[in-house]
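J.: Below: one structure in structure tokens.
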Amino acid sequence: MIEALLYEKLSNKTVQCHICQRRCVIKDRGRGHCRTRVNHLGKLHSLIYGLVSTMMISPIEKKPVYHFFPGSAWFSLGSLGCNFRCPGCQNWDIAHSEINLEIKGARIIPPQELIQTAKKSECLGISWTYNEPTLWFEYTLEGAKLAKKNDLYTNYVTNGYMTLEALDLIGPYLDVFRVDLKGFSKDSYQNIAHIDDFSGILEVIQRAKKKWKMHVEIVTNLIPRMNDKEEDLKQMACWISEELGKDTPWHVTRFFPHLRLSHVEPTPIKTLEKTREMGMKQGLDYVYMGNVWGSQAENTYCPGCGEPLIEREGLETKEIHLKKGRCQFCGHSIAGRF
Ligand code: SF4
Ligand SMILES: [Zn+2]
């Protein structure tokens, strides 16, 4: 248990956490909404510093991130807890669990060991993923600083619900921001993440891109009747194009019934195809369909000449037709790092 960053002492040993936008006010001996932060005698502590529940080496495509050194191996790890309780969460066993060292063989890994393992395994970088990395803030900040000193890239796979203060602390040390945009209406965010206001998430994404120059890729998991209204998706595509740039990759992924959404059918392929088409009509250069095995919409096509430039099959990158980040057929510059 270590003392937390970014909290404020109030009266009567109460504290307020400023790591995520919930900004929980926590009484002595109480815990925050995420269960990972506990107030002990007027000081806020993190219960998950260095506590790793899941780790593996995987291609960056798995996140999914498609425009940052395609095919590279990354050391991916996650802890326990989340600040959302999404009803269809794929990682609910770690994200919604009580904080407990015995869960799934979780163990403590100091940041130095993390860096050594990533280097030894010849990984290009480190991805904090599986559960919301913001809750692991103290550990991921230290890990990201060390990673940069050791020539490793860094990636946050996040729901974007962190505060601007937290973003500004870790911003200088993050290269990639793979962020979920779970919908584009109050209703969608209420149904999925149980929050009233998602404007703070948009602000965080813009700032990650504009102030901290991170490489940003957006993922929207389309859930029938929860976030798939055509009008909302159109507004989302416009927002991405206008605020982040038309060359920002947008992954629209297929939902499969799970957890408390076991009764909801998988996203129809037609909906994904229509959304991809609409996104491109709104001017986005790279709209991908995810969780659809064998789809041509997982390839990268040149916005200049239309040729396939990066051909993928599932998580595997098969062919790359780029020269110094440009289309080898027409010379068009392709967004990202290659
Ligand atoms: S990180 Fe946890 S304790 Fe802090 S504001 Fe968010 S939910 Fe609350
Ligand atoms: Zn081209």
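J.: Criterion first (open to solvent by less than 10 Å² (accessible area, probe 1.4 Å), away from ligand 1 (no atom under 13 Å from the Cβ) and closer than 23 Å to residue 35 by Cβ) does residue 170 satisfy it?
T.: In short, yes.
J.: Only residues that are open to solvent by 50 Å² or more (accessible area, probe 1.4 Å) and either in contact with a helix residue (DSSP H, G or I) (Cβ under 6 Å, 6 or more places away or on another chain) or over 23 Å from residue 245 (Cβ atoms) (or both): list them for the range 277-291, please.
T.: If the condition is that a residue be open to solvent by 50 Å² or more (accessible area, probe 1.4 Å) and either in contact with a helix residue (DSSP H, G or I) (Cβ under 6 Å, 6 or more places away or on another chain) or over 23 Å from residue 245 (Cβ atoms) (or both), then 282, 291 are the ones that fit.
J.: What about residue 40, is it within 16 Å of ligand 2 (Cβ to nearest atom) and of a type outside the set (Ser, Thr, Tyr)?
T.: No; evaluated as a whole, the condition is false for this residue.
J.: Additional query: As an exercise: evaluate residue 236 against (1) at pLDDT below 95; (2) assigned to a helix (DSSP H, G or I) and give the number of the one condition it does not meet.
T.: (1)
J.: Which strands (runs of 3 or more DSSP E) sit wholly inside the range 51-141 and have at least 2 residues that are open to solvent by less than 10 Å² (accessible area, probe 1.4 Å)?
T.: 73-78, 125-128
J.: Can you work out which of the residues in the range 142-158 that are open to solvent by less than 10 Å² (accessible area, probe 1.4 Å) and over 16 Å from residue 212 (Cβ atoms) is farthest from ligand 2 (Cβ to nearest atom)?
T.: Taking the candidates together, the pick is 143.
J.: Restricting attention to the range 43-62, does a residue exist that is farther than 19 Å from residue 251 by Cα, of a type outside the set (S, T, N, Q) and touching a His at 6+ places or on another chain (Cβ under 8 Å)?
T.: Within the range 43-62 (the criterion being farther than 19 Å from residue 251 by Cα, of a type outside the set (S, T, N, Q) and touching a His at 6+ places or on another chain (Cβ under 8 Å)), the answer is no, since none of the residues qualifies.
J.: Determine if the range 244-259 includes at least one residue that is under 25 Å from residue 296 (Cα atoms), open to solvent by less than 30 Å² (accessible area, probe 1.4 Å), hydroxyl-bearing (Ser, Thr, Tyr) and modelled with pLDDT of 95 or more.
T.: Yes, because at least one residue in the range 244-259 is under 25 Å from residue 296 (Cα atoms), open to solvent by less than 30 Å² (accessible area, probe 1.4 Å), hydroxyl-bearing (Ser, Thr, Tyr) and modelled with pLDDT of 95 or more.
J.: Right, residue 42: closer than 13 Å to residue 135 by Cα, surrounded by fewer than 21 Cβ atoms within 10 Å (Cβ to Cβ) and small (Gly, Ala, Ser) or not?
T.: No; evaluated as a whole, the condition is false for this residue.
J.: Here's another thing I want to ask about it. Could you grab me the full set of residues in the range 304-334 that are within 13 Å of ligand 2 (Cβ to nearest atom), farther than 17 Å from residue 65 by Cβ and not small (Gly, Ala, Ser)?
T.: 305, 307, 308, 321, 323, 326, 327, 328, 329, 330, 332
J.: Something else about it: Quick one: in the range 260-276, which of the residues that are of a type in the set (Ser, Thr, Tyr) and out of contact with any Pro (no Cβ under 9 Å at 6 or more places or on another chain) is surrounded by the fewest Cβ atoms within 10 Å (Cβ to Cβ)?
T.: By that ranking, first place goes to 262.
J.: Return the residues of the range 292-303 that are away from ligand 2 (no atom under 11 Å from the Cβ) and surrounded by 20 or more Cβ atoms within 10 Å (Cβ to Cβ); say none if nothing qualifies.
T.: Residue satisfying the conditions is 298 alone.
J.: Within the range 28-49, is there a residue that is under 17 Å from the mean Cα position of the chain (by Cα) and more than 10 Å from ligand 1 (Cβ to nearest atom)?
T.: no
The values are calculated or read from the model by the stated rules, or taken from the named source; none is laboratory data. What you see is a predicted model, and the numbers here were worked out from it, not measured in a lab. Positions of Cβ are generated from backbone atoms using ideal geometry, with glycine treated the same way; all protein chains shown enter the neighbour counts. What goes into the accessible areas is simple: the full protein's heavy atoms, side chains included, and nothing from ligands, DNA or RNA. Shrake-Rupley method; radii C 1.70, N 1.55, O 1.52, S 1.80 Å.
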